[in-house]
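> Handing you a structure now.
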Amino acid sequence: MPELPETETIARDLDAEVARSRIADVRVRRADVLREADVAELTRRTVGATIERAWRRAKLIVLDLSTGDRVVVQPRFTGAMLIETTDRPLPEGERRYSTLAFTLDDGRLLHYRDIRRLGTVALMSPQRWSEYSRALGVEPLDRAFTTEHLSALFRGSRRAVKKVLMDQRAVVGIGNIYANEALWRAAIDPSREARTLDADDAARLRGAIVDVLAESIALRGTSFRDYRDARGEKGGFVERLAVYGRGGLPCPTCGTPLLATHEIDGRSTVLCARCQR
């Protein structure tokens with residue numbers, strides 16, 4: 001967390017609320033979150049710049065600046081971008097973990113809050129961003145993410161299909177929550193070797209991935225503990241989760257108790273041994 005639906009939600013919120021705002025100041029409380037620039041360089045290159053657009057790439061939140069630079073935020077497990085206004089002050093529990101804050105020209109604050117400080121905030125030039133972005137895989141909500149493309153990723157791979165889905169060099173933005181859900185919807189065993197999936201399997205899985213991501217975005221992501229959208233609110237998709245976090249509970253389809261294992265990739269995988277053969 002946050003994965004694609006969460007970062008997409010935050011980016012959309014930011015684009016609606018802070019695009020075309022000018023950065024008047026920046027305060028860094030925890031410099032260890034910075035990448036590609038130190039505090040002095042971040043200040044020099046961002047203060048006075050206008051935020052032209054906020055958008056998402058993979059699990060990243062990207063702020064395009066009028067200078068051509070990009071602020072690239074990787075929230076990882078507990079990061080969030082939160083907007084503070086005079087009538088909507090940041091709760092003290094959130095403020096305590098604000099590692100960086102941009103002051104906007106209208107007095108609002110844009111905080112990067114990170115409880116465990118595992119995420120990063122990078123400042124990238126256009127050339128650096130181009131180089132960085134090229135190493136990332138296809139976006140699962142783009143037209144390029146076809147059944148044929150997914151089949152090509154699986155072809156010849158001895159890795160578990162779940163591991164291929166979570167490889168950001170292959171397909172970006174799909175983390176543990178949504179890989180579990182999509183594989184259950186597609187009735188595919190997460191530990192199955194990717195090369196054994198045929199065209200029908202790939203088509204079914206592609207459809208499940210697109211559907212589960214779109215549904216989660218519509219419900220503003222999934223919150224268990226720390227994820228918040230840019231307004232500080234929780235996401236609502238947790239109520240729709242069929243398998244993730246439900247090990248031992250009945251499968252929504254057949255009623256068989258769901259299995260929970262860490263054997264595939266060291267992360268929690270929940271599946272139905274009956275439905276996902």
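The values are calculated or read from the model by the stated rules, or taken from the named source; none is laboratory data. These numbers were taken from a predicted model, which means no experiment stands behind them. Please note: Cβ atoms are built from the backbone with ideal geometry, for glycine as well, and neighbour counts cover all protein chains shown. The area values use the complete protein model at the heavy-atom level, side chains included, leaving out ligands, DNA and RNA. Shrake-Rupley method; radii C 1.70, N 1.55, O 1.52, S 1.80 Å.
> Are there any pairs with C-beta distances below 6 angstrom linking a residue in region 1-16 that is without any contact (Cβ under 8 Å) to a residue 60 or more places away in the chain to a residue that is hydrophobic (A, V, I, L, M, F, W, C), with the two at least 6 apart or on different chains, and if so which?
Within 6 Å, the pairs are Ala11/Ala54; Ala11/Trp55; Ala11/Ile61; Asp15/Ala54.
> I would also like to ask the following. In region 90-144, which residues are exposed (fewer than 15 other Cβ atoms within 10 Å of the Cβ), under 30 Å from Val164 (Cβ atoms) and either among the aliphatic types (A, V, I, L, M) or in contact with a Gly (Cβ under 6 Å, 6 or more places away or on another chain) (or both)?
Of everything in region 90-144, those that are exposed (fewer than 15 other Cβ atoms within 10 Å of the Cβ), under 30 Å from Val164 (Cβ atoms) and either among the aliphatic types (A, V, I, L, M) or in contact with a Gly (Cβ under 6 Å, 6 or more places away or on another chain) (or both) turn out to be Leu118, Ala135, Ala144.
> Quickly run through region 152-164 and pick out the residues that are touching a residue at least 40 places away in the same chain (Cβ under 8 Å) and either of a type in the set (Lys, Arg) or more than 17 Å from Thr261 (Cβ to Cβ) (or both).
Matches in region 152-164: Leu153, Phe154, Arg155, Lys162, Lys163.
> Taking region 165-191 as the search range and keeping residues that are buried (at least 20 other Cβ atoms within 10 Å of the Cβ) and touching a Ser or Thr at 6+ places or on another chain (Cβ under 8 Å), which one is farthest from Leu259 (Cα to Cα)?
In this case the residue turns out to be Gly173.
> What pairs come up if the first residue lies in region 237-265 and is within 21 Å of Leu4 (Cα to Cα) and hydrophobic (A, V, I, L, M, F, W, C), the second is at pLDDT 95 or above and open to solvent by 50 Å² or more (accessible area, probe 1.4 Å), and their beta carbons are under 6 Å apart, counting only those six or more places apart or on different chains?
That search, which allows pairs on different chains as well, returns Phe237/Leu219; Ala242/Pro252.
> Oh, and also: For region 84-111, give me each residue that is under 23 Å from the mean Cα position of the chain (by Cα) and either part of a strand (DSSP E or B) or in contact (Cβ under 8 Å) with a residue 24 or more places away in the chain (or both).
Glu84, Leu90, Glu94, Ser98, Thr99, Leu100, Ala101, Phe102, Leu109, Leu110, His111
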